[in-house]
Amino acid sequence: MKKKILCSLLAAAMLCGLTGCNGGSGSGESGNGDGLSCKLVFAIWDNNLMEYIEANDMEGKFKEKYPNAEIEVEKIKDDSEYWNSMKMRASANQLPDVMFNKPFTLSRFQEYLLDLSDTEACKNNTLAEGYAINGKVLGIPQTAGYEYVYYWKDMFTEAGVEVPDTWEELKAVSKKLQEHFGANDPDFMAIALGAKDEWPDYPYMEFMPALVNGNGQNWNNMAKTDTPFAGGSDINTAYHRVYDLFTSGVLGKDPLGLGNDQATNLFAQKKAAIIALGDWGLQNIQNAADSTDQLGTFYLPVRETESEPFRYVVQGDSFMGVTTHSKNPELAKAFVEWYYSDAWYPGYLSYISSASSMSNFPKDKDPILAEADKLQPDGVPVMYDGGGDDFTAVQNETAFDYKKLGAQMLTDNFDLDAALAELDTKWTAARAKLDIK
Amino acid sequence: MFQNKDLWRSLGNNAIYFCVHLLMIPVELAFAVLLNSKLRAAKFYKTMVFMPYIINGVAISYAFSYFFSPINGAFNNLLELLKLEMLKQNWLSDENIVNFVLAFVSLWRFSGYHIVLFTAALQSVNHDIIEAATLDGANAWQMFRYIQTPSIMLMVDFILFDNIRGAMQVFDIPFVMTNGGPGYASSTFTLYTIKTAFTFSNFGLASAMAVAIMAIIILIYVVQNKIIHKFILKGD
């Protein structure tokens, strides 16, 4: 008899064990959280987020809504270690329930991420659908990043020029500014560019190929062709436009001799009229300038004519996704909904400097940055994707460094067509070697 | 690796550092002899020449990048002050001169170290020999050529080796001052190796480069040693 009781108890325990961590609503849990229970693992790499989570008792707040749920935040040292760890865990079937992705890792983990397009968080997010893969929203971006062109309004007025609306207008405006101010000041730069550091040319070299035809997936598409740099391609068109601008003398007498710190300081001292930087650049300019009363912004006008749509780059960052390895996908989705709800997201948004990606929680832009939106109310945002695994593999194989290429455009005897043809040759060979279709 | 023209160009740039430093070694030795003589305030000068070596290399490079800046750069302003405007150049972006500018910064930083090492070696030369040579009527040149130089050959050997190693592995100065640019005009072997590893994630090739530079250093050292001992110092 004792044996029978023991067997029955063991069988009951096993049954409980098998069904104990279900995310279904039939578990009979109490509270106002739809009865979802069990533990979720949430992996992050961001130090700011970790500090905010610790200071604001994320688990306690989540428990107010889901009393039977537990959150374990797994902080990984930095993003490179994070991707290494996630790669290994993906193959070991041990991904966390909720993970963050970058735009360029969404394609890498697409097989391991659930579609979140039916969530309220997705519906309220302004960028999520733009990063959908095969119609599936695999992550909800936490923040939005924008690129701006900063300019001095008083210098524009003095030179008699207006904010440019097309690429040709940008060239003409820059030229006029250079002629006007350069006549008295040989050190003047219409456009400040710290080309010695190479990376400051990224607004032109990295984003313009995506903006020419509004293709945020440009890098990924390049990985699918043998000769992406051939005449007529977006990147060929973009780089010829950049080359024309860079070699027209509007970058001053020696942009290759200046780093970004120097270029930004010179712009802040009005030794330059224009500088292209991200939203992060505003603080640097404010720190170096005596006054920013006359500072304005506009989006980089890449279009050739006014008949084309005005496109500007928007990047989503930190895409929160639910993995297929989660044993509690319903609870994980509930966590995503909660994270982007009034209970958590607005507080975190005010803690960080980045812009909101949620339409239901708008964050006012700095008035200087908001001017760009006022100037282009009909602007079309292009969701920029930094390039997936295939692109990165071919890029590494060919040593394609677009930022260095931008700086090389400023050197004597540089032949852009020859450089692009050489890249095409290397690209074809790399794709064959890596067997990328 | 052997077909990579940017890598060969980088290695060629290393050769500029090597040659400039090599040419300066006799001058450094002469300075050491001067500081070792009964010079007034010799200690102060020794401190002054050694100072650049103990300052952080990144800080030096950063300061010199402002010094050679095309706008508000102190060096161009100095030339203007001396009415030598015709000598003003784009010091960090002219492909023909950028490596010599960087080699000059390297020289400014490391010469003092070599001078102090030479001074220390000269101080260890046996005073009896010097006294005997003086009594025999040796002049300053003869003393330098036949007494001091042979006595410090071990240190000369070390400095020659240090020059090869330093020139082949130079990194911080071009990295901070020009980022190896324009293009790869001022890149060095180490700079290119690090870019290959960490920008293009090609760790296999970068490892091969690291081994190759070690082999190159040994090879140059052996050849240089043979030349110096067989032809230049054959009498010793």
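Mean-square fluctuation check for chain A, GNM, Cα pairs under 10 Å: which of A:GLU169, A:GLU371, A:GLU158 is largest?
A:GLU158
Less than 9 Å Cβ to Cβ from A:SER248, Lys/Arg counted +1 and Asp/Glu -1: what total charge do the surrounding residues give?
Working: positive: A:LYS171, A:LYS175; negative: A:ASP244.
Around A:SER248, the charge tally is +1.
On a 0 to 90° scale, report how tilted helix B:203-227 is relative to the longest principal axis of chain B, with both axes built from alpha carbons and the result rounded to the nearest 10.
With both axes taken from Cα atoms, the answer is about 30 degrees.
Suppose we compare each residue of the range A:253-298 in its chain alone and in the full protein complex with a 1.4 Å probe; which ones drop by at least 50 Å² of accessible area?
Buried by 50 Å² or more upon assembly, which counts only protein chains, are A:LYS253, A:ASP254, A:GLN262.
Between B:LEU34 and B:ILE227, how many nm apart are label points set 7 Å from Cα along the C-beta direction?
The two pseudo-label positions are separated by 2.6 nm.
Using Cα centres only, tell me the gap between the range A:99-139 and the range B:189-220 in whole Å.
Here the two parts' Cα centres lie 39 Å apart.
Any idea of the accessible area per residue across the range A:302-437, 1.4 Å probe, to the nearest Å²? Present the calculation step by step, with values, prior to reporting the outcome.
Values: 5880 Å² over 136 residues.
Per-residue value: 43 Å².
On C-alpha positions alone, give me the angle between the axis of helix B:189-198 and the longest principal axis of chain B, in degrees, nearest 10.
Tilt of helix B:189-198: around 40 degrees.
Kindly provide the helix-only [θ] at 222 nm of chain A, computed as the sum of -39,500 (n - 2.57) over DSSP H runs of four or more divided by all residues, to the nearest 500 deg cm²/dmol?
Values: 19 runs with 183 residues, N = 437.
After summing the helix terms and dividing by the residues of chain A, the value is -12000 deg cm²/dmol.
Under the rule of -39500 (n - 2.57) per DSSP H run of 4 or more residues, summed and divided by the residues of chain B, what mean residue ellipticity at 222 nm is obtained, to the nearest 500 deg cm²/dmol?
Values: 10 runs with 156 residues, N = 236.
After summing the helix terms and dividing by residue count, I get -22000 deg cm²/dmol.
Cross-link partners among aspartates and glutamates for B:LYS38, C-alpha distance below 16 Å, same-chain residues fewer than 8 apart left out?
Correct list for B:LYS38: B:GLU131.
For chain A, list the DSSP H helices whose alpha carbon atoms reach 24 Å or more along the long axis and whose average Kyte-Doolittle value is 1.0 or above?
A:2-19
Quick check: at a probe of 1.4 Å, how many percent of the accessible area of the range A:366-435 sits on carbon and sulfur atoms? Let's see the in-between values first.
Working: 1550 of 3140 Å².
The C+S portion of the solvent-accessible surface of the range A:366-435 is 49 percent.
Taking all protein chains in place and a 1.4 Å probe, what share, in percent, of the accessible surface of chain B do carbon and sulfur account for? Before the final figure, lay out the partial values.
On the way: 8680 of 12710 Å².
In chain B, the share of accessible area belonging to carbon and sulfur is 68 percent.
For a quick check, take a GNM of chain B with Cα springs below 10 Å and name the residue from B:LYS38, B:LYS195, B:LYS46 with the largest mean-square fluctuation.
In this elastic network of chain B, the residue with the biggest mean-square fluctuation among B:LYS38, B:LYS195, B:LYS46 is B:LYS38.
May I ask you to give the percent of accessible area on the range A:37-157 that is carbon plus sulfur, with a probe radius of 1.4 Å?
Working: 2190 of 5200 Å².
Here it works out to 42 percent.
Per residue, how much accessible surface does the range B:1-126 expose to a 1.4 Å probe? Answer in Å², no decimals.
Details: 6960 Å² over 126 residues.
Heavy-atom SASA per residue in the range B:1-126 reads 55 Å².
Relative to the isolated chain, which residues of the range A:182-214 have their accessible area cut by 40 Å² or more in the presence of all protein chains (1.4 Å probe, heavy atoms, no ligands or nucleic acids)?
Checking the loss per residue gives A:ASP187, A:LYS196.
Which of the three applies to chain B, rounded, prolate or oblate, going by the alpha-carbon gyration tensor with a ≥ b ≥ c and a/c under 1.5 meaning rounded?
On the way: a/c = 2.48, a/b = 1.43, b/c = 1.74.
Because a/c hits 1.5 or more and a/b fails to exceed b/c, chain B counts as oblate.
Within the range A:302-359, list the GluC sites (Glu not before Pro) lying in a DSSP loop whose Cβ has at most 12 other Cβ atoms in a 10 Å radius.
Working: sites: A:GLU304, A:GLU306, A:GLU330, A:GLU337; in loops: A:GLU304, A:GLU306.
Qualifying residues, ordered by number: A:GLU306.
Relative to the isolated chain, which residues of the range A:383-419 have their accessible area cut by 10 Å² or more in the presence of all protein chains (1.4 Å probe, heavy atoms, no ligands or nucleic acids)?
Residues of the range A:383-419 that lose at least 10 Å² of accessible area once the other chains are added: A:ASN396, A:ALA399, A:ASP401, A:LYS404, A:GLN408, A:THR411.
Summing +1 for each Lys or Arg and -1 for each Asp or Glu, what net charge is found among the other residues whose Cβ lies under 9 Å from the Cβ of A:GLU70? List each step's numbers first, then the result.
Details: positive: A:LYS39, A:LYS63; negative: A:GLU59, A:GLU72.
The answer is 0.
In Å², and per residue, what accessible area does the range A:115-165 have when probed at 1.4 Å with the other protein chains present? Numbers along the way, then the final one.
On the way: 1960 Å² over 51 residues.
Result: 38 Å² per residue.
To the nearest hundred square angstrom, how large is the accessible surface buried between A and B, total for both chains, probe 1.4 angstrom? Each step should come with its number before you reach the end.
On the way: alone 19970 and 13690 Å², together 31690 Å².
The A and B chains share an interface burying roughly 2000 Å².
Restricting to DSSP loop positions (anything but H, G, I, E, B) with no more than 16 other Cβ atoms inside 10 Å of their own Cβ, which chymotrypsin sites (Phe, Trp or Tyr not before Pro) remain in the range B:1-67?
On the way: sites: B:PHE2, B:TRP8, B:TYR17, B:PHE18, B:PHE31, B:PHE44, B:TYR45, B:PHE50, B:TYR53, B:TYR62, B:PHE64, B:TYR66, B:PHE67; in loops: B:PHE2.
Those satisfying the criteria are B:PHE2.
List the pairs from A:LYS363/A:LYS403; A:LYS270/A:LYS374; A:LYS75/A:LYS363; A:LYS224/A:LYS404; A:LYS75/A:LYS403; A:LYS171/A:LYS403 whose alpha-carbon separation is above 29 Å, in the order I gave them.
Violating the 29 Å limit, Cα to Cα: A:LYS363/A:LYS403; A:LYS75/A:LYS403.
To one decimal place, what orientation-averaged projected area in nm² is obtained for the convex hull of the Cα set of the protein assembly as shown? Intermediate results must be reported in sequence, preceding the final value.
Values: hull surface 173.2 nm².
Averaged projected hull area, Cα only: 43.3 nm².
In degrees from 0 to 90, rounded to the nearest 10, what is the angle of the helix B:57-67 Cα long axis to the longest principal axis of chain B?
So the helix axis and the longest Cα principal axis differ by about 70 degrees.
The values are calculated or read from the model by the stated rules, or taken from the named source; none is laboratory data. Everything numeric in this text was worked out from a predicted model, so none of it was measured. As a convention, Cβ positions derive from the backbone with ideal geometry for all residues, glycine included, and neighbour counts pool all protein chains shown. Remember, those area values only see protein heavy atoms, side chains included, never the ligands or the DNA or RNA. Shrake-Rupley method; radii C 1.70, N 1.55, O 1.52, S 1.80 Å.
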